[in-house]
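Chemist: Next up is a structure, given as structure tokens.
The values are calculated or read from the model by the stated rules, or taken from the named source; none is laboratory data. Everything numeric here is computed off the predicted structure, so don't read it as measured data. No Cβ is skipped: glycine too gets one built from the backbone with ideal geometry, and neighbour counts run over all protein chains shown.
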Amino acid sequence: MSENKMRVLLTGGCGYIGSHTAVELMRAGYDVLIADNFVNSFPAVLPRIEELGGRRPDFRELDFCDAEGVDRLFAEEKFEAVIHFAGLKCVPESVTQPIRYYRNNLNSTLNVLDAMNKYGVKYIVFSSSATVYGEKNPAPYNEEMETGSCTNPYGSTKFMSEQIISDAVRADPELGAVLLRYFNPIGADASGRIGEDPFGVPNNLMPIVAQFATGRREHLYVYGNDYETPDGTCRRDYIHVTDLAIAHIKALEYISGRTGCEAFNIGTGVDYSVLEVINAFEKACGKELKFEFAPRRAGDLPTSYADAHKAERLLGWKAERDLDTMCRDIWRWQSNNPMGYEK
Ligand code: NAD
Ligand code: UD1
């Protein structure tokens, strides 16, 4: 228990970003209450959060689509802020199961906002995504750019949630919200005890590279080498998950005592190509990774990276960990836990 620090509800706090944020909050002296339904995470993360955070986090198993359950949680527990991570995040799955994605990601957000309003919780930090910048804006993206025109239902749920939250703030002069638009979170806690452990076959580059390096995956495909980029492969703004976790603490400090709704890019402002990332990972794991080129993946943009100045200016936050550190930390997690948390 800490002095002068808020108690914070982490919806989806057992997931990849939530677990790292829980640990950083606890390291900084905050009390956390985690609630998750394990639709995309494992109970085995909780003792590891305890191990790294120095004490057991409070936990409730809960589906945030269950409005009565959410109401009960808010009635029974006291906290000053919510960090709303809970959501489904797999882009191709959102294309084949759009209704499930809209239902889960929007209903959970609506239920959280309803309960905040009823029980007088004033602050929310929302997990948004660079995907809200859509296809039309040129990189680097800044927060003044028009959002929307998302290319898939997952992206649309983030855009719509941002709208819902900013409308809720407009209607309630006491509410304060921060929308964090994450770029490409990778990496793991430096301890190697927690990390990304996707269910089934991963979709994102880094977990695929990491699982390929341990021999858990047979192929590593690079999607497209004919983009208009220096080496022909796509470029992204990869951000260490610990830097991202710390950005949530800065967001809580910023919002505390304020009202209104503010969006921030959370990226490094630097982009790397797929080939540069694979090269950095080869250095980290000490192995050659024999990748194969494959056709472009539908929906991929050639280049995405943040203009990260607003977060630096207003939150006092800047990413500190470089690509080599990201790769080294993923490798430590992956090689110590080749089958993830529970398998
Ligand atoms: P994750 O899947 O590892 O974590 C999400 C957590 O939410 C999981 O533990 C899952 O079980 C839980 N959850 C989902 N729906 C729930 C519900 N209805 N009730 C209770 N719990 C529920 O994903 P992550 O990478 O940690 O992402 C966290 C948030 O950040 C998500 O909202 C995601 O869309 C967003 N985001 C992630 C990325 C990324 O690349 N990882 C990028 C941009 C935004
Ligand atoms: C994807 C989502 C984005 C989401 C983000 C984080 C798409 C189109 N976009 O972003 O909405 O916010 O994940 O969850 O799915 N790559 C390979 N080989 C692979 C996998 C990926 O070459 O096996 C390439 C991709 O073509 C891309 C880059 O690596 O150029 C990064 O891919 P990924 O990690 O999936 O992230 P994004 O596509 O940026």
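Chemist: So D237 ticks every box in (1) surrounded by fewer than 22 Cβ atoms within 10 Å (Cβ to Cβ); (2) under 24 Å from R181 (Cβ atoms) but one. Which box is left unticked?
Modeler: The single condition D237 does not satisfy is (1).
Chemist: Now a separate question. In the set F38, F42, which member is without any contact (Cβ under 8 Å) to a residue 40 or more places away in the chain and within 17 Å of the chain's Cα centre (by Cα)? Outline the logic, then answer.
Modeler: Working: F42 fails: without any contact (Cβ under 8 Å) to a residue 40 or more places away in the chain.
Testing whether each residue is without any contact (Cβ under 8 Å) to a residue 40 or more places away in the chain and within 17 Å of the chain's Cα centre (by Cα) leaves just F38.
So that you can scan it fast, the table gives a plain yes or no per residue for (1) touching a helix residue (DSSP H, G or I) at 6+ places or on another chain (Cβ under 9 Å); (2) of a type in the set (A, V, I, L, M, F, W, C); (3) near ligand 2 (Cβ under 10 Å from one of its atoms):
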| residue | (1), (2), (3) |
| --- | --- |
| G200 | no, no, no |
| N203 | yes, no, yes |
| V209 | yes, yes, yes |
| G215 | no, no, no |
| L220 | yes, yes, yes |
| N225 | yes, no, yes |
| T233 | yes, no, yes |
| D237 | yes, no, yes |
| H240 | yes, no, no |
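Chemist: Then there is this: Being farther than 16 Å from S191 by Cβ and either β-branched (V, I, T) or more than 11 Å from ligand 1 (Cβ to nearest atom) (or both) is the filter here; which residues of segment 29-54 pass it?
Modeler: Our first condition is that a residue be farther than 16 Å from S191 by Cβ; within segment 29-54, this holds for 29-43.
Within segment 29-54, G29, Y30, D31, V32, L33, I34, V39 meet the criteria.
Chemist: Within segment 274-283, track down each residue that is surrounded by fewer than 21 Cβ atoms within 10 Å (Cβ to Cβ) and either out of contact with any strand residue (DSSP E or B) (no Cβ under 8 Å at 6 or more places or on another chain) or of a type in the set (G, A, S) (or both).
Modeler: E276, N279, A280, E282, K283
Chemist: Part of a strand (DSSP E or B), touching a residue at least 12 places away in the same chain (Cβ under 8 Å) and in contact with a Lys or Arg (Cβ under 9 Å, 6 or more places away or on another chain) - does that describe any residue in segment 268-287? Can you show your working first?
Modeler: First, the residues of segment 268-287 that are part of a strand (DSSP E or B): 272-273.
Those left that are additionally touching a residue at least 12 places away in the same chain (Cβ under 8 Å): 272-273.
Then keep just the ones that are in contact with a Lys or Arg (Cβ under 9 Å, 6 or more places away or on another chain); that gives 272-273.
Yes, some residue in segment 268-287 is part of a strand (DSSP E or B), touching a residue at least 12 places away in the same chain (Cβ under 8 Å) and in contact with a Lys or Arg (Cβ under 9 Å, 6 or more places away or on another chain).
Chemist: Now, a different point. I need the full set of residues from segment 2-60 which are in a loop (DSSP other than H, G, I, E, B) and more than 20 Å from L73 (Cβ to Cβ), in order please. Full working, then the answer.
Modeler: Let us first name the residues in segment 2-60 that are in a loop (DSSP other than H, G, I, E, B), namely 2-6, 12-15, 28-30, 37-44, 54-57.
Listed by number, the residues that qualify are S2, E3, N4, K5, A28, G29, F42, A44, G54, R55.
Chemist: Please find, among E196, E218, the residue that is of a type in the set (D, E, K, R), farther than 20 Å from E342 by Cβ, at pLDDT 95 or above and not in a strand (DSSP E or B).
Modeler: Details: E196 fails: farther than 20 Å from E342 by Cβ.
None of the other options fit; the residue is E218.
Chemist: Looking at K89, is it touching a residue at least 40 places away in the same chain (Cβ under 8 Å), out of contact with any helix residue (DSSP H, G or I) (no Cβ under 6 Å at 6 or more places or on another chain), loosely packed, with under 15 Cβ neighbours inside 10 Å and not in a helix (DSSP H, G or I)?
Modeler: Working: touching a residue at least 40 places away in the same chain (Cβ under 8 Å): yes; out of contact with any helix residue (DSSP H, G or I) (no Cβ under 6 Å at 6 or more places or on another chain): yes; loosely packed, with under 15 Cβ neighbours inside 10 Å: no; not in a helix (DSSP H, G or I): yes.
No, not satisfied.
Chemist: Moving on. Being closer than 26 Å to S156 by Cα, in contact with a helix residue (DSSP H, G or I) (Cβ under 9 Å, 6 or more places away or on another chain) and in a loop (DSSP other than H, G, I, E, B) is the filter here, so list the residues in segment 302-322 that pass it.
Modeler: Y305
Chemist: Let me ask something else. In the set S94, S19, S41, which member is surrounded by 18 or more Cβ atoms within 10 Å (Cβ to Cβ), in contact with a Gly (Cβ under 6 Å, 6 or more places away or on another chain) and at pLDDT 95 or above?
Modeler: Result of the check over S94, S19, S41: S41.
Chemist: Restricting to segment 162-193, name every residue that is in a loop (DSSP other than H, G, I, E, B) and at pLDDT 95 or above. Reasoning before the result, please.
Modeler: Filtering segment 162-193 down to residues in a loop (DSSP other than H, G, I, E, B) leaves 172-175, 183, 187-193.
Correct list: D172, E174, L175, F183, G187, A188, D189, A190, S191, G192, R193.
Chemist: Then there's this: Here is a list: R7, R48. Which entry is of a type in the set (K, R), away from ligand 2 (no atom under 16 Å from the Cβ) and surrounded by 18 or more Cβ atoms within 10 Å (Cβ to Cβ)?
Modeler: Values: R7 fails: surrounded by 18 or more Cβ atoms within 10 Å (Cβ to Cβ).
Just a single option satisfies the conditions, and that option is R48.
So that you can scan it fast, the table gives a plain yes or no per residue for (1) closer than 22 Å to M116 by Cβ; (2) in contact with a strand residue (DSSP E or B) (Cβ under 8 Å, 6 or more places away or on another chain); (3) of a type in the set (A, V, I, L, M, F, W, C):
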{"position": "K5", "(1), (2), (3)": "yes, yes, no"}
{"position": "T11", "(1), (2), (3)": "yes, yes, no"}
{"position": "I17", "(1), (2), (3)": "yes, yes, yes"}
{"position": "A22", "(1), (2), (3)": "yes, yes, yes"}
{"position": "V32", "(1), (2), (3)": "yes, yes, yes"}
{"position": "D36", "(1), (2), (3)": "yes, yes, no"}
{"position": "L46", "(1), (2), (3)": "no, yes, yes"}
{"position": "G54", "(1), (2), (3)": "no, no, no"}
{"position": "L62", "(1), (2), (3)": "yes, yes, yes"}
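Chemist: Next question. Are there any pairs with C-beta distances below 7 angstrom linking a residue in segment 122-138 that is among the hydrophobic types (A, V, I, L, M, F, W, C) to a residue that is within 11 Å of ligand 1 (Cβ to nearest atom) and in a helix (DSSP H, G or I), with the two at least 6 apart or on different chains, and if so which?
Modeler: Once the first residue is among the hydrophobic types (A, V, I, L, M, F, W, C) and sits in segment 122-138, its partners that are within 11 Å of ligand 1 (Cβ to nearest atom) and in a helix (DSSP H, G or I) give V125/H248; F126/S161; V132/G155; V132/K158.
Chemist: What residue, among those in segment 221-238 that are within 16 Å of ligand 1 (Cβ to nearest atom) and assigned to a loop (DSSP other than H, G, I, E, B), is farthest from the chain's Cα centre (by Cα)?
Modeler: The extreme case among them is C234.
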